[in-house]
Amino acid sequence: MVPHPLRCCFFGALLLLPASVLFAQEIQRGPDKMVTGIRYLPIDQKFLNPIDPSEEAAFWDRVRAVLMERTKKPDGSYKGVDSRTFFESEKWSYPSSLWHILAGNVDGGMKVIQSEDDAAKSWHQHTEGIDLFPGFTVQGQVAKYFFSGNLMTPEYKSRMDRAIKQWTATNPRTTPHPVFKKYNPEIKDGWGPDRFGNKQVDTRRTDAMWGFTGTAIYLFAEASGNEAVRQQAKDEILRYVWSLYNVGMGEWDSSTYLPFSVAPYLNLHAYAKDPEVRMAAKLALDYYHVAAALKYRKGLFSGTSKRDYGNAYRMNSGGFNTYFPLIFGGGKDFAKSADMYAAYAMISPYRPPAATLALARRKLSKSMEVLASKPAYQSWEMTGEAGPSFFETLFLAKSYDLSSVVGKGGADDIAPFRLTFDRGNDSAAVFLASSRSRFCEKFEGDGIGQYRNLLVWLSPPADGQSFRFALPTGIAVSGDGNWQFADTGTAWIAVQTFGLEGFSSVSPDEKEKKDFPDTAFFSAKRTGSSAGGFALLVAEKGDYPSFGAFKDAVKTKARVDSKRLAEKSVRLTAPDDTFVEVRLVEGSLPEINRNGEVRDWSDSQNWKLWQTVNGDLVSLGWKEGTLRLACDSRTYTGSFTIEGWQKPDASPKDLEVTKNLKAEAAFSD
């Protein structure tokens, strides 16, 4: 069934809903009391992406599989509900409570939801003992209030009403904490009000944390009737979504935090009354899910990443891999490892566009290359002249994804390279590389050039350091001439090093054994004070008749030209004579020649957030505000602009001081 097109546009009108609808959601249950669906609060279809009934049924099947696995014992009784309340421990206990409510253990879930906070009589006495300071906790409080408010005792519900009214009487972001009142520089650790008492809420500005607190301030101000604070929070939300659609996301594509960024906008989309805000929430979610779909392969994170902790390199590990299989499907044994934050998707009426689902499932008519740009981490400080800080190349093939990123300087939480390939029907695996020892760190001076399935990684001299490689055990790596070859079963890999001593198997240390089970490690030590690195070719069935034919073509026709290595320049030429060349430029981005075209980092035409080189798969221009996606005969277009801010010199920093914003937003799906 092809979804019918929808289009809507808003210019600042305020939709008022009667208070009686706030708690009108109905959980539909089967004979086992397990949820089979939710009759959501009234929400106009113009705020929803159309969804095929079979997709909706499959989503609830996945929900039930998770709940059966995570809330039920083998004898059918319920497992214990997580009941922690210290500081931000509600990141676990509130989603756990929601899981149990959905699974039929309503009393068990509500007992935790209405339990007394650890610091009720100290830190939170000014808000009736309700904890509204930590970002993770505030996110849970929103879902707790709006989704399960009708299940609360009248006393507890009234207590929450009073708490949120008091909390939003003035803006919590700018109001001192009544217990601590000022910032305490003597406390060096922790994120509590004892350290940051100059505010009534956690003011960290990561995408996830800012979303947690900003959407909570908005929704609670709207519910309590504190209009001045509601408008301030609305401005903040519109500014943020403008940034997503115009300069990108500072905490981009995080393999750890992307699900946390999604969660608050699910709340906002479900419960906001103002149509501008609700549409902004929907378009933020559409953006996030396209970003996730580009990096999703059968349940495994598949791309470069900011704020990468090195815990998403295998199935069922890390925030991304334990959340998005619920949304996109796939992912072997997902139900056993599903992240608690999946609870917020389970109670949400939001569903991604059909084209996004098709992209996540790699329903591509041909291999696609996508070039992307990423802003500085502190994107809200960007001036009008500032361009992107990082540039990504992503190649999506039938059975693998190859990705890399370049940027000035180093970063200890950016994973600059991934090759992700299929392993069976519902799983995938990765080939990893690093110019030092950590796979989730971008080291200063490194330059990675990529053209489709070709890649050159060139690193400046670093005495005593070795390049590190990793592959799943069971995949044989064999040397043949100057090349190392590996057949993963779906993708074929060829690697040749330069400026390095050779490619040898090494034993993992104790930490690597823990973090990377069932993984084989290889090392190539640098020679003297030379620059060094490796060239990589990837292919699959269809590119060559067989793995043997691939090997023969690489050995006889591919060339790695490292004659100018002393000048920090290397070229890889493929058997079909396409090539990529990298030259390191000290203190700047590398010079990358992609088959005859040198990337001009200063040209704003190369700053697009997403652009498909060889098709119309996905596009989002720099400061243009319109996202387009076309996949498997499905299309999606989403536009978000702020009145008067669609111009080349528009900047998040300037928007910070602008008030009473008006948004223009529309989508078609």
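To the nearest 0.05, what FRET efficiency results for Ser365 and Lys121 with a Förster distance of 56 Å applied to their C-beta separation? If you can, show how the numbers build up before the last one.
On the way: r = 62 Å, r/R0 = 1.11.
Efficiency, from the Cβ-Cβ distance: 0.35.
Cross-link partners of Lys144 among aspartates and glutamates, defined as those whose alpha carbon lies under 13 angstrom from its own and excluding same-chain residues fewer than eight positions apart: Glu90, Asp131, Asp161.
For the chain, the solvent-accessible area with a 1.4 angstrom probe is 37 square angstrom per residue. Across the stretch 575-581, coupling constants 3J(HN,Hα) worked out from phi with the 6.51/-1.76/1.60 Karplus curve, θ = phi - 60°, read x, 8, 6, 5, 8, 9, 10 Hz, and Gly and Pro carry x. With contacts taken as Cα pairs under 8 Å and at least 6 residues apart, the chain reaches a relative contact order of 13 percent.
For the stretch 365-382, just list the computed ³J(HN,Hα) in residue order, Karplus coefficients 6.51, -1.76 and 1.60, θ = phi - 60°, integers in Hz, with x standing in for Gly and Pro. Ordered by residue, 3J(HN,Hα) equals 6, 7, 5, 10, 10, 10, 9, 9, 10, 9, x, 4, 4, 8, 5, 5, 9, 5 Hz. Explain nothing, just the number: relative contact order of the stretch 475-563, from Cα pairs under 8 Å at least 6 residues apart, as a whole percent. With pairs under 8 Å counted, the relative contact order is 30 percent. A Förster radius of 56 Å combined with the Cβ-Cβ distance from Val585 to Lys541 puts the calculated FRET efficiency at roughly 0.90. Pairs from the table (Lys363/Lys541; Lys79/Lys511; Lys46/Lys608; Lys111/Lys165) lying more than 21 angstrom apart at Cα are Lys79/Lys511; Lys46/Lys608; Lys111/Lys165.
Once backbone amide H atoms are built at 1.01 Å from N, Lys273 has no partners under 5 Å, excluding neighbours fewer than 5 places away on the same chain. Computed from label points 7 Å out along Cα-Cβ, the spacing between Lys181 and Ala58 is 5.9 nm. Under 17 Å from a point 7 Å along the Cα-to-Cβ line of Asp649: which residues of the stretch 367-391 have their amide N that close? Flagged as within label range: 382-387. Once the Cα atoms are used to define both axes, helix 53-71 deviates from the longest principal axis of the chain by about 80 degrees.
Can you give the angle from 0 to 90° between the axis of helix 227-246 and the longest principal axis of the chain, with both taken from C-alpha atoms, to the nearest 10? It works out to around 20 degrees.
May I ask you to derive the relative contact order of the stretch 416-558, considering only C-alpha pairs under 8 Å and at least 6 residues apart, and to give it as an integer percent?
Values: 268 pairs, mean separation 36.5, N = 143.
Relative contact order comes out at 26 percent.
Students often forget the sequence filter, so: which aspartates and glutamates lie under 13 Å Cα-Cα from Lys563 once same-chain residues fewer than 8 apart are removed? Excluding near neighbours in sequence, the set is Glu581.
Taking the longest Cα principal axis of the chain as reference, the axis of helix 207-224 is set at about 20 degrees. In this rough spin-label picture, where each label sits 7 Å from Cα along the Cβ direction, the Lys525-Asp189 distance is 3.8 nm.
Across the accessible surface of the chain, with the other protein chains kept in place and a 1.4 Å probe, carbon and sulfur atoms take up 49 percent. Taking 18 Å as the straight-line reach from the Cα of Lys662, the lysines in range (excluding those fewer than 8 positions away in the same chain) are Lys234, Lys273, Lys282, Lys623, Lys647, Lys653. Segment Glu624..Arg84, full-extension length gain: 189.9 nm, with 0.36 nm per residue of separation and the alpha-carbon distance subtracted. Close amide H partners of Ser255, meaning residues 5 or more places away or on another chain with modelled amide H under 5 Å apart, are Lys306. The simple Förster model, with R0 at 35 Å and r as the Cβ-Cβ distance, assigns Glu567 and Asp603 a FRET efficiency of 0.90.
Extension gain for Asn614-Asn425 works out to 65.3 nm (0.36 nm per residue, less the C-alpha to C-alpha distance). Residues whose amide H falls under 5 Å from that of Phe390, counting only those 5 or more places apart or on a different chain, are Lys374, with hydrogens built in the peptide plane.
The slack between Lys662 and Asp576, meaning 0.36 nm per residue of separation minus the straight C-alpha distance, is 25.7 nm.
The values are calculated or read from the model by the stated rules, or taken from the named source; none is laboratory data. This one's a predicted model, so the numbers in the text were calculated from it and none came from an experiment. Positions of Cβ are backbone-derived with ideal geometry, glycine not excepted, and every protein chain shown enters the neighbour counts. The area values use the complete protein model at the heavy-atom level, side chains included, leaving out ligands, DNA and RNA. Shrake-Rupley method; radii C 1.70, N 1.55, O 1.52, S 1.80 Å.
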